[in-house]
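The values are calculated or read from the model by the stated rules, or taken from the named source; none is laboratory data. A quick note: this is a predicted structure, and the numbers were derived from the prediction, not measured. When we count neighbours, we look across all protein chains shown, and the Cβ atoms used for this are built from the backbone with ideal geometry, even at glycine.
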Amino acid sequence: MAAADRLSRALDDWQHWDLPAPLTHPPLLGPLLAQGSGHAIYEILCAPPLIARIRHQSTRLAENAFGTELTAWKTASLRSIAPAVVFCDPAEQAIICQRVAPLDAPVSGRALGQLCRRIHQLPALSDRLTLRSDIGLYLEKLPDHLSQAWRSVMRAGGVDDALTQLEQDTSCLCHNDLTAGNLMREGNELVAIDWEYAATGSRYFDAAIASECLSSPEKALMMNEVFGAAADKALMKAGDCIASLITALWEHQYAPAQAPDPATWLNGRCGA
């Protein structure tokens, strides 16, 4: 069933939406605003303006990912770094939330770093980031020859040591997926949606994932906002290594046309 059709139950429950002033008329489903690998975002035609986010495929390996996401999302909305949730449908994994605007220009490293730092100041979740086991699960889903090739370059690239460093880092709440598709604006403020990967873990992995789309100068500005003079270069390198690996293995699973081959990953992204 199409994602738009699956939103009908959430729209039918409009009288139960948590709004400051209840709606007086049933809302209508508006146009598709954006669609990523796992989610679609639709406009909801009503006053006040709202949007709906519904999952069309799960890309999170952990159990109870939706419950964890909702907890993190609602916590972040109390600090104005995520749009307020007005209704959720766990069965369809749909969320109706306050209307926020898509990015109309590339995000700056400074603004992204400020958002990242504010997220790290939120209360930690009981769910912890499981990078080592996630990597193992991704590898199990690959054909044997490709899995063996990845395991070989992981050994050459010092992945085990990098994971150990991140696991020993001081933990805090992290979004772990602050990519361009999950960033929107509320007025002049940057906010995050899609908290599917939120978990307690290393800031260095979170910042590395967020900075993958930035130029080198913008990445430096972002890292300065997140860590300041206290940045740990070894942890920064470990975060970059594991972020690039997780992204590559995720692409093999969900966007194979974009996935690098193991040697390219080692030489170009982790081979320094």
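Counting only helices (runs of 4 or more DSSP H) wholly contained in the stretch 123-203, no element carries 3 or more residues that are within 24 Å of residue 227 (Cβ to Cβ) and under 13 Å from the mean Cα position of the chain (by Cα). Pairs are defined by a Cβ separation below 9 Å, a sequence spacing of at least 6 or placement on different chains, a first member in the stretch 26-37 that is at positive phi, and a second member that is surrounded by 15 or more Cβ atoms within 10 Å (Cβ to Cβ) and part of a strand (DSSP E or B); no pair meets this definition. Hey, any hits in the stretch 44-57 for a residue that's more than 23 Å from residue 187 (Cβ to Cβ) and more than 18 Å from the chain's Cα centre (by Cα)? No, there is no match, as no residue in the stretch 44-57 is more than 23 Å from residue 187 (Cβ to Cβ) and more than 18 Å from the chain's Cα centre (by Cα).
Residue by residue, here is whether (1) part of a helix (DSSP H, G or I); (2) within 17 Å of residue 193 (Cβ to Cβ); (3) polar (S, T, N, Q); (4) touching an Asp or Glu at 6+ places or on another chain (Cβ under 6 Å) holds:
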| site | (1), (2), (3), (4) |
| --- | --- |
| 10 | yes, yes, no, yes |
| 22 | no, no, no, no |
| 25 | no, no, no, no |
| 30 | no, yes, no, yes |
| 33 | no, yes, no, yes |
| 69 | yes, yes, no, yes |
| 72 | yes, yes, no, no |
| 75 | yes, yes, yes, no |
| 95 | no, yes, no, no |
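Among the listed residues 147, 126, 108, which satisfies the condition of being surrounded by fewer than 15 Cβ atoms within 10 Å (Cβ to Cβ) and either within 30 Å of residue 11 (Cα to Cα) or among the small types (Gly, Ala, Ser) (or both)? 126 is the lone residue from the list that is surrounded by fewer than 15 Cβ atoms within 10 Å (Cβ to Cβ) and either within 30 Å of residue 11 (Cα to Cα) or among the small types (Gly, Ala, Ser) (or both). Residues that are in a loop (DSSP other than H, G, I, E, B) and modelled with pLDDT under 90 were ranked within the stretch 256-272; the one that is surrounded by the most Cβ atoms within 10 Å (Cβ to Cβ) is 270. If the condition is being touching a strand residue (DSSP E or B) at 6+ places or on another chain (Cβ under 8 Å) and either surrounded by 15 or more Cβ atoms within 10 Å (Cβ to Cβ) or not in a loop (DSSP other than H, G, I, E, B) (or both), then the stretch 111-122 contributes 111, 112, 114, 115, 119, 120, 122. Could you list all residues from the stretch 204-235 that are surrounded by fewer than 16 Cβ atoms within 10 Å (Cβ to Cβ) and in a helix (DSSP H, G or I)? Selection gives 216, 217, 220, 224, 228, 229, 230, 233, 234.
A single member of 171, 147, 126 is assigned by TED's automatic domain parsing to the domain that holds residue 231, touching a helix residue (DSSP H, G or I) at 6+ places or on another chain (Cβ under 8 Å) and of a type in the set (Ser, Thr, Tyr), and it is 147. The number of residues in the stretch 186-203 that are among the charged types (D, E, K, R), more than 12 Å from residue 113 (Cα to Cα) and surrounded by 15 or more Cβ atoms within 10 Å (Cβ to Cβ) comes to 3.
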